[in-house]
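Enquirer: The structure under discussion is supplied below as structure tokens; questions concerning it will follow.
Bear in mind that the values in this text are calculations on the coordinates, not laboratory data. Small disclaimer: the values here were computed from a predicted structure and weren't measured. Here the Cβ positions follow ideal geometry from the backbone for every residue, glycine too, while neighbour counts run over all protein chains shown.
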Amino acid sequence: MPKTLEKTRKAIAKKKGPIESLHQYSRDSKRLHRAQVRDEKLEKIAASRKKSDKPYLERATFFQEALRQNEGQPLQMDIIQELIKTFVHQYDEELNEMKKTRRPGRPASAKEDLLKVKVDKLQKEYQSGFLLPVLDTEENAAVLGRYEGSWSYLTGLKWVRISSAGTVQPSSFPPRGDH
């Protein structure tokens, strides 16, 4: 969390005394306002970044759980393909349930539209190359097993793109663009 406002407030209080003694248009009140706006801007940027990073964190956690179920041993390519299909189709049941509960003739809800976009994006990515950590080597499986949920830890892993046809291409993390 940004601390600019707290630092500015402390500096002004040290120089002038209580903050309440400032008048509305003084230099110090403008400094306080700028610091507050800067903190709000930084919080907003951090929140949007966290939101954009979340799908990759969820993806790493999903494959980490798959490795744990396999007792930390590397996975074979056919098992990896099944895991990818499971990950891509994880929202299908929820989407079908939403379609069934909707009355005939009614437009889709915003949540249903978002879910449909998410599913389509995952399927498109799987066709062109699904980004995931390397799961078929002993060393990367061990590193992924120690993953604790932070973004910075993911950069130390080796990543690949596996398409639905089975082609494997080395990739870098974080991904750039839509591939």
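Enquirer: Compute the distribution of all C-alpha to C-alpha distances in segment 65-170, in bins of 10 Å from 0, and list the percent of pairs in each, rounded to whole numbers.
Expert: Here the calculated profile for segment 65-170 is 13, 36, 30, 15, 6, 0.
Enquirer: Using the charge dipole of the chain (Lys, Arg: +1 at Cβ; Asp, Glu: -1 at Cβ; taken about the Cα centre), state which of Val143, Ser52, Met77 has its Cα farthest towards the positive end.
Expert: Ser52
Enquirer: Right, something else. Helix-only mean residue ellipticity at 222 nm, the chain, DSSP H runs n ≥ 4 weighted -39,500 (n - 2.57), per residue, nearest 500. What is it?
Expert: Numbers: 7 runs with 109 residues, N = 179.
Calculated from helices alone, the mean residue ellipticity at 222 nm is -20000 deg cm²/dmol.
Enquirer: Can you tell me which of Lys116, Lys54, Lys14 moves the most in a GNM of the chain? Springs connect C-alpha atoms under 10 Å apart.
Expert: With Cα springs under 10 Å in the chain, the top fluctuation among Lys116, Lys54, Lys14 is at Lys14.
Enquirer: Which lysines have a Cα lying under 21 Å from the Cα of Lys3, excluding residues fewer than 8 positions away in the same chain?
Expert: Result set, ordered by chain and number: Lys14, Lys15, Lys16, Lys30, Lys41, Lys44, Lys50.
Enquirer: Sequence-distant or interchain residues sharing an amide H contact under 5 Å with Val160, placed H: which?
Expert: For Val160, whose amide H was placed from the backbone, the distant partners under 5 Å are Leu132, Val134, Ser171.
Enquirer: Total Lys pairs in segment 83-128 closer than 13 Å by alpha-carbon, pairs eight or more apart in sequence or interchain only?
Expert: So the count works out to 4.
Enquirer: Oh, and also: Taking the Cβ of Ala47 as the centre, find all other residues whose Cβ is under 13 Å away and add up their charges (Lys, Arg: +1; Asp, Glu: -1).
Expert: Values: positive: Lys41, Lys44, Arg49, Lys50, Lys51, Lys54; negative: Asp39, Glu40, Glu43, Asp53.
Every neighbour counted, the sum reads +2.
Enquirer: How large is the dipole of the chain about the Cα centre if only Lys and Arg carry +1 and Asp and Glu carry -1, each at its Cβ, rounded to the nearest 20 debye?
Expert: Values: 35 positive and 25 negative charges, 372 e Å.
The calculation lands at about 1780 debye.
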